[in-house]
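*Asks:* My structure is below; once you've seen it, I'll send some questions.
The values are calculated or read from the model by the stated rules, or taken from the named source; none is laboratory data. On a predicted model such as this, the values are computed, not experimentally measured, just so you know. Positions of Cβ are backbone-derived with ideal geometry, glycine not excepted, and every protein chain shown enters the neighbour counts.
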Amino acid sequence: MYDTTVPGAPLSPSAGGGMPVPPERISKERWFLRAAKGILFATLFLIPIFFLPYTQDPRFAKVLLLEVAAVLAGLAWAFSVITGRRLRWVQSPLNIGFAALVAALLAGVGFSVARWASFWGNDPTGEKALTLLSLAVLSFVAAASFVRRDVSRAIAALFASVSLLGLFTLVSFGYLFASGTVPAWLNVNPAGPNASVLAAVLGFGFVVSIVFTLAHRGASGGAMASRRLRWLAFAAAVCTGAAVLLLAFRREVVDPAGAIGLVGFRELWLALGIAVLLVLVAAFVRSRGGTEGSRERAVTDTGLAILAFLVIASGFFAFRTLPAPDPLGTQFALLFQRPLEASPAYRATGDIAQKSIAAHPAFGFGPANFAVAYNQFRDGGQLNQTVFWSLRFGHGASFIGTIPATLGIAGSLAFLVFIVSALLLLFRGLARTVVADPLRVALAGGIFFGMALWFLYPSNIVVTAMMFLALGMFAAVAAEPVAAGEAGRFPRFGTAERILSLEAGGLNFVMPLAAVFAIIAALIGLYSFTTQYFAEAYFLRAAQALAVGNIESAEIFLDRAMALNQTDDSYPQGRAQVAIPGIQRLVNQAGANPPADLADRFGRELKAGIAAGQRAAALHPRNPQHWFVLGQLYELVIPFGASGADQDADAAYARAAAEDPTNPDVPLARARVMLTVADLLTLRIGETRSGDERSRLEALRKEAFAKARKFLADGVLKLKPDYAAAHFLLAQIAIRENNLAEAIRNTENTARLAPADIGVLFQLGVLYYRAERFDDAKAAFNEAVRQNDSYANARYFLGLIWDRQGDREAALSQFQKIAALNPDNEEVKRIIANIAAGKPALFGIVPPLPAPETRKEPPVRESASGAKPLERR
């Protein structure tokens, strides 16, 4: 049943069972194989540089590219099998790793807390099931269809792509150095959202190209790699190496606000050093593996020296930071839209993994659901005291560190099997060659780099994709010939080409059905991927429309996105978020000349928002943001006396608290609901003459104040003692209870006992401000700012006091510092414009808005939940 061919040789007319194969069948088989190879060549060339400007994250298009390529390449390979009536594949240890990976991913999706979120969708780090399954298909097809000549062409496509990417990066830097700025059309990052992702992709290209350039090209090596390919590898090494050095070199920079930060990518240098070190080890393993007469190292003596220098240099760059003076440092920091990149610490990731395994030992929370584990198990006590308290992470410190939380013990073991099988393939493939092979050692270097990044960095889809394709190409090159009749004696963990004949009579009926099934499955997949892309494009257009205040267009685009992709919870959550400003706008219209259909529009907007919020919660019930947005919608209608709205809002916030127990925003929202209830009861008390009914309402009002205080004291302030919003709300409760003097005395006593508690100082300043004791308020706010220079809300009230007292320069200085810390705050922008124009700070702001000291939220928002509409969470 089994037959073999020499690796790299075309299939013979009798391969697969000795029976002659009709020429027309061979022609069709080869046509489909050429189609599969062409798709793989195009994928390797496009994946580093391909992007479309119509989605929020450019990597979304890359994920779809890989999924489409997997469907088309897999379909072409399947039709080559069907038309040729023979199954050709490469037997290697990697197949065991793929089998373990596929089984773990499918089981993980089945037991996931949010199945659709685990299965497919936006996947910048390459963790979702369909993404990894697509990469496994591409790798398998590459191994099964490529011969050595094809691998040379594929690696040439990769070298050309990374050379273009590196050259583009160098041109951008050159333009920056020459003019001091970079035009928008050139400040584009095809690899991802920040410079670290770009550096990682270039790092992979650099390792593969430099190792290929330095690989042995003796009597055998010269025949195994063409001169053109060697020159292309050299060009790729120069372009990518220079770009990596500029992007990832660790240096201190000073931004325009005067803050010192680090720019660089330590993990890249560590991964590069590890990869090159493993190449050196593999080179010496190869040297000891041959016979005395054929001993030939994979890398030349000069190459060994250069690679050893690279290991030392990588270690130096990883741990050494050098200063970069302005303006050069600032320009480096601004190039390629470099945002702040943060992730949980390795220790925090390990703690979350341990707790996740204790809660879901077998299969974890599901692929790509690290955010659920993070919300449940992060150490809020420490994190909430840092500037990163409001960040929510969707991955751990590294790709491998994320796996225990998302795939449990089973998934962790599966990835271990996959890594071991890949390393076994690499080291056996390098050690068992008769002569040195530059293709093998170069591909091995890239694979080592990708795996090292898995352990050091959250990874990204581009590097992971190139690593999987490199594994398939390595297996194709390493496949060994096996003489007829020796298949049973072939080493169990060896790598060999296999061909299975499918000429049995019963298969003639099955093959047409298999072809129809494959076509239908491919069409369904392509249609799904197309609708996903257009849904994501509509999501971006909705965000752009909302940014300019066009709520109607945002709602239309989100409705279209929801209709096209009914499995992504981000779209209904976005629709629910947009309903909030939509309802607020309708409420503002009720003041003067309200339209006749205002009540109907209000009801439709509220109904649509709540329906969208409930749909998002149904798709991903473990996402606290869905419940928080739903609570905000219910909270909006509490002042209008909507029956049960306060209970619905509190229930939604309670569910958010259950999913995110260390988030201080949630008990703050519940306290705000109780304060609104108390305000409504105050109005009803004023309208009630009955003594018994009035007493009952006053008791309910006291109960609401007590609950609000409990949420603030036992909830918010235990989680984040310096949270300005909580102290602000406590001051509002004291004011509403007509107990301002006693509230001031109690807060003064607390401030004397805890002089370093800036939250108490802020609360005391607000109380002084409400009592019109402006000098005392100024002293309290000044002390809070002295202890925390970025305390924006304290600066806000300081600016108002300076403005009241006629010192416009001091007031302007405070608000300008707030604007530097909060560049998107529209109210602060208007205040700065007012002061600059010689007008009072709050001119045109109060009214129509209530005075800052009477609001339920501080003027400068520092809340994490719901802070940025249409942002994936």
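*Asks:* Can you tell me which residues in the stretch 778-821 are of a type in the set (A, V, I, L, M) and in contact (Cβ under 8 Å) with a residue 24 or more places away in the chain? Please lay out each step first, then the result.
*Replies:* To start, the set of residues in the stretch 778-821 that are of a type in the set (A, V, I, L, M) comprises 779-780, 784-785, 792, 794, 798, 800-801, 810-812, 818-821.
Matches in the stretch 778-821: Ala780, Ala784, Ala792, Ala794, Leu800, Ile801, Ala811, Leu812, Ile818, Ala820, Leu821.
*Asks:* Being surrounded by 21 or more Cβ atoms within 10 Å (Cβ to Cβ), touching a Gly at 6+ places or on another chain (Cβ under 7 Å) and part of a helix (DSSP H, G or I) is the requirement here; does Val63 meet it?
*Replies:* When the stated conditions are applied, Val63 does not pass them.
*Asks:* Considering only residues that are basic (Lys, Arg) and either at pLDDT below 90 or surrounded by 17 or more Cβ atoms within 10 Å (Cβ to Cβ) (or both), which ones fall in the stretch 317-362?
*Replies:* Once the filter is applied, which keeps residues that are basic (Lys, Arg) and either at pLDDT below 90 or surrounded by 17 or more Cβ atoms within 10 Å (Cβ to Cβ) (or both), the stretch 317-362 yields Arg320, Arg338, Arg347.
*Asks:* Then there is this: Which of the residues belonging to the stretch 207-230 are touching a Gly at 6+ places or on another chain (Cβ under 7 Å) and at pLDDT below 85?
*Replies:* Ala215
*Asks:* Look through the stretch 546-557, keep the residues that are without any contact (Cβ under 8 Å) to a residue 60 or more places away in the chain and part of a helix (DSSP H, G or I), and return whichever of them is farthest from the chain's Cα centre (by Cα).
*Replies:* Glu552
*Asks:* Filter the stretch 714-772 down to the residues that are within 28 Å of Thr662 (Cα to Cα) and polar (S, T, N, Q), then identify the one that is surrounded by the fewest Cβ atoms within 10 Å (Cβ to Cβ).
*Replies:* Only one residue fits best here, namely Asn746.
*Asks:* Looking at Gln577, Gln589, can you tell me which residue is polar (S, T, N, Q), at pLDDT below 90 and touching a Pro at 6+ places or on another chain (Cβ under 9 Å)? So that I can check it myself, show each step before the final result.
*Replies:* On the way: Gln577 fails: at pLDDT below 90.
None of the others qualify; the one that does is Gln589.
*Asks:* So which residues in the stretch 37-88 are among the β-branched types (Val, Ile, Thr) and farther than 30 Å from Ser570 by Cα?
*Replies:* Taking the stretch 37-88 first, the residues among the β-branched types (Val, Ile, Thr) are 39, 43, 47, 49, 55, 63, 68, 71, 81-83.
Ile39, Val81, Ile82, Thr83 - these are the residues of the stretch 37-88 that are among the β-branched types (Val, Ile, Thr) and farther than 30 Å from Ser570 by Cα.
*Asks:* Looking only at the stretch 391-442, which residues are surrounded by 24 or more Cβ atoms within 10 Å (Cβ to Cβ), among the aliphatic types (A, V, I, L, M) and touching a Phe, Trp or Tyr at 6+ places or on another chain (Cβ under 7 Å)?
*Replies:* Ile403, Ala405, Leu407, Leu425, Leu426, Ala442, listed by residue number.
*Asks:* Which is over 21 Å from Gly765 (Cα atoms) and at pLDDT below 90, of Ala820, Ala833?
*Replies:* Ala820
*Asks:* Here is a further query. For the list (1) surrounded by fewer than 24 Cβ atoms within 10 Å (Cβ to Cβ); (2) touching a Pro at 6+ places or on another chain (Cβ under 9 Å); (3) within 22 Å of Ala724 (Cα to Cα), I need the number of the one condition that Leu675 fails.
*Replies:* Leu675 satisfies every listed condition except (2).
*Asks:* Could you list, in sequence order, the residues of the stretch 659-689 that are free of Cβ contacts under 8 Å to residues at least 12 places away in the same chain and of a type in the set (A, V, I, L, M, F, W, C)? Step through it out loud before you land on a result.
*Replies:* If we filter the stretch 659-689 for residues that are free of Cβ contacts under 8 Å to residues at least 12 places away in the same chain, which is where we start, we get 683, 686-689.
Listed by number, the list holds a single entry, Leu683.
*Asks:* Taking the stated definitions as given, is Phe448 under 26 Å from the mean Cα position of the chain (by Cα), part of a helix (DSSP H, G or I) and surrounded by fewer than 24 Cβ atoms within 10 Å (Cβ to Cβ)? Let's see the steps before the verdict.
*Replies:* Numbers: under 26 Å from the mean Cα position of the chain (by Cα): yes; part of a helix (DSSP H, G or I): yes; surrounded by fewer than 24 Cβ atoms within 10 Å (Cβ to Cβ): no.
So Phe448 does not fit the description; no.
*Asks:* Here are some residues: Phe41, Phe79, Phe32. Which one is in a helix (DSSP H, G or I), over 16 Å from Val462 (Cβ atoms) and touching a Lys or Arg at 6+ places or on another chain (Cβ under 7 Å)? Even if it seems obvious, please write down each step before you answer.
*Replies:* Values: Phe79 fails: touching a Lys or Arg at 6+ places or on another chain (Cβ under 7 Å); Phe32 fails: touching a Lys or Arg at 6+ places or on another chain (Cβ under 7 Å).
Among Phe41, Phe79, Phe32, only Phe41 is in a helix (DSSP H, G or I), over 16 Å from Val462 (Cβ atoms) and touching a Lys or Arg at 6+ places or on another chain (Cβ under 7 Å).
*Asks:* Do we find that Arg575 is of a type in the set (Lys, Arg) and buried (at least 22 other Cβ atoms within 10 Å of the Cβ) in this structure?
*Replies:* Values: of a type in the set (Lys, Arg): yes; buried (at least 22 other Cβ atoms within 10 Å of the Cβ): yes.
The answer is yes for Arg575.
*Asks:* Additional query: Out of the residues in the stretch 110-131 meeting the condition of being among the aliphatic types (A, V, I, L, M) and surrounded by 24 or more Cβ atoms within 10 Å (Cβ to Cβ), tell me which one is nearest to Leu526 (Cα to Cα). If you could, list the steps in order and put the result at the bottom.
*Replies:* First, the residues of the stretch 110-131 that are among the aliphatic types (A, V, I, L, M): 113-114, 117, 129-130.
When the remaining residues are screened for being surrounded by 24 or more Cβ atoms within 10 Å (Cβ to Cβ), the result is 117, 129.
Working: Ala117: 19, Ala129: 17 Å.
Among those residues, the one meeting the criterion is Ala129.
*Asks:* Restricting attention to helices (runs of 4 or more DSSP H) lying wholly within the stretch 711-790, give those where 1 or more residues are out of contact with any helix residue (DSSP H, G or I) (no Cβ under 6 Å at 6 or more places or on another chain).
*Replies:* Numbers: elements: 724-736, 740-753, 758-770, 774-787.
The qualifying helices (runs of 4 or more DSSP H) are 724-736, 740-753, 774-787.
*Asks:* Tell me yes or no: at least one residue of the stretch 831-850 is touching a residue at least 12 places away in the same chain (Cβ under 8 Å), surrounded by fewer than 15 Cβ atoms within 10 Å (Cβ to Cβ) and in a helix (DSSP H, G or I).
*Replies:* Yes, the stretch 831-850 contains at least one residue that is touching a residue at least 12 places away in the same chain (Cβ under 8 Å), surrounded by fewer than 15 Cβ atoms within 10 Å (Cβ to Cβ) and in a helix (DSSP H, G or I).
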